[in-house]
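**Student:** Structure below; questions to follow.
The values are calculated or read from the model by the stated rules, or taken from the named source; none is laboratory data. Small disclaimer: the values here were computed from a predicted structure and weren't measured. Cβ sites come from the backbone with ideal geometry, for glycine too, and all protein chains shown count toward neighbours. To get the accessible areas, we keep the full protein, side chains included, count just its heavy atoms, and leave off ligands, DNA and RNA. Shrake-Rupley method; radii C 1.70, N 1.55, O 1.52, S 1.80 Å.
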Amino acid sequence: KVQVFLYLAVFGIIMTVVGNFLLLSVIFLARTLHTPKYMIVFNLALTDLCGSTALIPKVLDTFLFDNRYIVYEACLSYMFFVWFFLNVQSWTLVIMAYDRFIAICFPLRYHSIVTKPAIAAMLLSVWVVLMSISACIVGLLDRHSFCGSLVIQNFICGMGSIRNLACGDTSLISNIAEVSFVLNPILPPVLIALTYICIAIALSRIASPKERLKAAKTCTSHLILVAVYFSPLLYSSLIFDIDRDADIILSILPDMPPLLNPILYSLKTEEVLNCIKRLCVLKRAYFAKLQ
């Protein structure tokens, strides 16, 4: 059963790359989508694409070609990129929640608060801070030697797995790991929950049920991504008595939101669908002229 799930996951990751590349192309080419909201969606699609690209090669090598070995330097770089992009994804979901919070709770001030420079500053801060923490952890791990077993009981080079194999004092790494644990997966879902409590209070004050439902619908795509992303991540982080097969499945599940992202923000969004249709018409007109 786990093997079947893994093959489906590999297929899903490949489709993720295709879907997010198409979504990135549409947002880049359609000027009407050059808004703060779609800057966040573009960033999410970019991190989804980069994260999946970092994950795919080793997953394919392990499960399609049964190669269970990885060199030490590749393991560290693999750990850095996979966990860095997972962290960026989670904080991008926080910024999305902030966007929905301002749009529903302060609709008249939305365009003055949620501006392109403000969103760009938030996204840049997320990239810089998380990259610094990830680089610091990997750098500290690289300073340690390994005097025992070199077998990791997972297909992902996890920070905890490598730290447990290291010799000497790893207290500094443990302290930084605790900060990283708070930054993801603890703090983001807490912040998202707080924003949706405020959104729920704001929606309860809207007199018209129709307007209330219309406003709530703008949050459904984001809520689906949050639920699918954080549920397995929190479960695997907080529950320690997990067998190996369950651990592998839970390690893969956080990579499912990148597959949902292009579907939720393209096929289910009228704005993006209209841009796709317009781009198709322009493409046909261009090729018609060439003929």
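**Student:** For the stretch 189-217, how many residues are touching a residue at least 24 places away in the same chain (Cβ under 8 Å) and over 13 Å from Y98 (Cβ atoms)? Walk me through it before giving the result.
**Tutor:** Step one: of the stretch 189-217, the residues touching a residue at least 24 places away in the same chain (Cβ under 8 Å) are 189, 191-192, 195-196, 198-199, 202-203, 215.
Retained after the next criterion (residues that are over 13 Å from Y98 (Cβ atoms)): 189, 202-203, 215.
Selection size over the stretch 189-217: 4.
**Student:** While we're here: Let me spell it out: the conditions are (1) open to solvent by 50 Å² or more (accessible area, probe 1.4 Å); (2) at pLDDT below 85, and S112 meets all of them except one. Which number is the exception?
**Tutor:** (2)
**Student:** Can I ask one more? Taking the stated definitions as given, is F28 in a helix (DSSP H, G or I), surrounded by fewer than 17 Cβ atoms within 10 Å (Cβ to Cβ) and at pLDDT 75 or above?
**Tutor:** Yes, satisfied.
**Student:** Tell me which helices (runs of 4 or more DSSP H) are completely within the stretch 68-170 and hold 2 or more residues being more than 18 Å from F42 (Cβ to Cβ) and in contact (Cβ under 8 Å) with a residue 60 or more places away in the chain, or say none if there are none.
**Tutor:** Values: elements: 72-105, 110-113, 116-142, 159-165.
The helices (runs of 4 or more DSSP H) meeting that bar are 72-105, 116-142, 159-165.
**Student:** Scan D61, D48, D99 and give me the residue that is surrounded by fewer than 20 Cβ atoms within 10 Å (Cβ to Cβ) and either modelled with pLDDT under 85 or not polar (S, T, N, Q) (or both).
**Tutor:** So the residue among D61, D48, D99 that is surrounded by fewer than 20 Cβ atoms within 10 Å (Cβ to Cβ) and either modelled with pLDDT under 85 or not polar (S, T, N, Q) (or both) is D61.
**Student:** With respect to the numbered conditions (1) open to solvent by less than 40 Å² (accessible area, probe 1.4 Å); (2) part of a helix (DSSP H, G or I), which one is the sole condition not fulfilled by V182?
**Tutor:** (1)
**Student:** Within the stretch 212-223, is there a residue that is at pLDDT 75 or above, assigned to a helix (DSSP H, G or I), surrounded by 14 or more Cβ atoms within 10 Å (Cβ to Cβ) and of a type in the set (V, I, T)?
**Tutor:** No, every residue in the stretch 212-223 fails to be at pLDDT 75 or above, assigned to a helix (DSSP H, G or I), surrounded by 14 or more Cβ atoms within 10 Å (Cβ to Cβ) and of a type in the set (V, I, T).
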